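Visitor: I'd like to ask you about the structure that follows.
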Amino acid sequence: MEQIVRTPRQLGAALQRRRADRALTQPALAQTVRRRQATISSVEAGEAGTRLSTLFDLLAALDLELVVRPRSKAAPNEIETLF
């Protein structure tokens, strides 16, 4: 699963898809990363205010990693079609 994400909402959707693919509920994931279920919901909704430590804990729990690279030149509407 490789996805380009450029907004908090896109990142939240990607995390939600990965969680669902792994048959995890929000409460189960929250317990794994020692956060509240409401925090998981907030991240998946793309709401502002997520701590980086929370994001990295979620990525690790979902067996994902963050890769930083130069931005591709695709138009925003082309990026949306990747999902």
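Visitor: Any residue in the stretch 44-56 that's free of Cβ contacts under 8 Å to residues at least 24 places away in the same chain: show its pairings with residues that are of a type in the set (Lys, Arg) and assigned to a loop (DSSP other than H, G, I, E, B) at Cβ separation under 9 Å, as long as the two are six or more apart or on different chains.
Guide: The qualifying pairs are 54/35.
Every residue, every condition in (1) more than 12 Å from the chain's Cα centre (by Cα); (2) under 23 Å from residue 68 (Cα atoms); (3) in a helix (DSSP H, G or I), yes or no:
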{"position": "3", "(1), (2), (3)": "no, yes, no"}
{"position": "11", "(1), (2), (3)": "no, yes, yes"}
{"position": "16", "(1), (2), (3)": "no, yes, yes"}
{"position": "19", "(1), (2), (3)": "no, yes, yes"}
{"position": "27", "(1), (2), (3)": "yes, no, yes"}
{"position": "32", "(1), (2), (3)": "yes, no, yes"}
{"position": "47", "(1), (2), (3)": "no, yes, no"}
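Visitor: Which pairs have Cβ atoms under 7 Å, sit 6 or more apart or on different chains, and link a residue in the stretch 27-41 that is surrounded by 14 or more Cβ atoms within 10 Å (Cβ to Cβ) to one that is acidic (Asp, Glu)?
Guide: Short answer, once both residue conditions are applied: 33/57.
Visitor: Can you tell me which residue among 75, 48 is open to solvent by 80 Å² or more (accessible area, probe 1.4 Å), modelled with pLDDT under 95 and not aromatic (Phe, Trp, Tyr)? Step through it out loud before you land on a result.
Guide: On the way: 75 fails: open to solvent by 80 Å² or more (accessible area, probe 1.4 Å).
Matching residue, one of 75, 48: 48.
Visitor: Just name the residue that is most open to solvent (accessible area, probe 1.4 Å) out of those in the stretch 12-26 that are in contact with a helix residue (DSSP H, G or I) (Cβ under 7 Å, 6 or more places away or on another chain) and not hydrophobic (A, V, I, L, M, F, W, C).
Guide: 16
The values are calculated or read from the model by the stated rules, or taken from the named source; none is laboratory data. Here the structure is a predicted model, which means the values were calculated and not measured. Neighbour counts are summed over all protein chains in view; Cβ atoms, including those assigned to glycine, are modelled from backbone coordinates with ideal geometry. The accessibility values were calculated without ligands, DNA or RNA, using every heavy atom of the protein model including side chains. Shrake-Rupley method; radii C 1.70, N 1.55, O 1.52, S 1.80 Å.
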